[in-house]
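Undergrad: Below is a structure I'd like to ask you about.
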Amino acid sequence: IEHAALWYVFNWPQNQWRELQFWARSSHKADEGELLGQIHHDFNGTTSLSTWNYANDDLNHFFFPWDNSTHADYSYQPNTTEWMDLNCMFIFKAYELMLATGNKDSLKVYWPNIKNSANRIIVFCTPGTKLPTTSLSSYDSKDAQNYTYPSAVSLTAWYAVAEMAKWLEEPETEKKY
């Protein structure tokens, strides 16, 4: 999926800015606490898991409302608040758009959401390790832990946040990540 996104970033960036906008608007809006910034894993589905019907495509093309930040994601694991991989993908998309377009004004619009996403990843870190050892991801089963994937993408995402902070001349954020 990321390879296709990268192609679009460099060949059709306006589409990717819109996707970034959707993810930012539909990320969890908790006022305080650990859910702030959580990005959902899927934004298509039905209004109720009880009406999910894999055999009927007409029922499976519901597009969640723009500001819906509390929807269930997958039928087999509703509300994927234990996953952080799309938070990393959101950061990567912003970083790639920064590199591809040099559009500082657009990046500044999403900067608060980018920092929320980066902070959300920190929630999954075991204290003192700086690695998200408590995160599941889309590549894990509900009961399996595999720290390699979440750790690798998180470290890369934090590097991207530091680079964006440097470009936006925000040294305190650069130092944090």
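Undergrad: Using the Karplus equation 6.51 cos²θ - 1.76 cosθ + 1.60 (θ = phi - 60°), what ³J(HN,Hα) coupling, rounded to whole Hz, does each residue of segment 12-21 give in order, writing x for Gly and Pro?
TA: Here the 3J(HN,Hα) series is 8, x, 4, 5, 6, 4, 5, 5, 4, 4 Hz.
Undergrad: Here's another thing I want to ask about it. Tell me which residues come under 5 Å, amide H to amide H, from residue 133 once H is placed; ignore anything under 5 positions away on its chain.
TA: 126
Undergrad: Which of the lysines could a cross-linker bridge to residue 176, judged by Cα under 24 Å and excluding same-chain residues fewer than eight apart?
TA: Residue 176 reaches 29, 93, 104, 108, 115, 130, 166.
Every read-out reported here was derived from the displayed coordinates using simple, explicitly stated rules and does not represent laboratory data. Given the structure is predicted, the values throughout are model-derived calculations rather than measurements.
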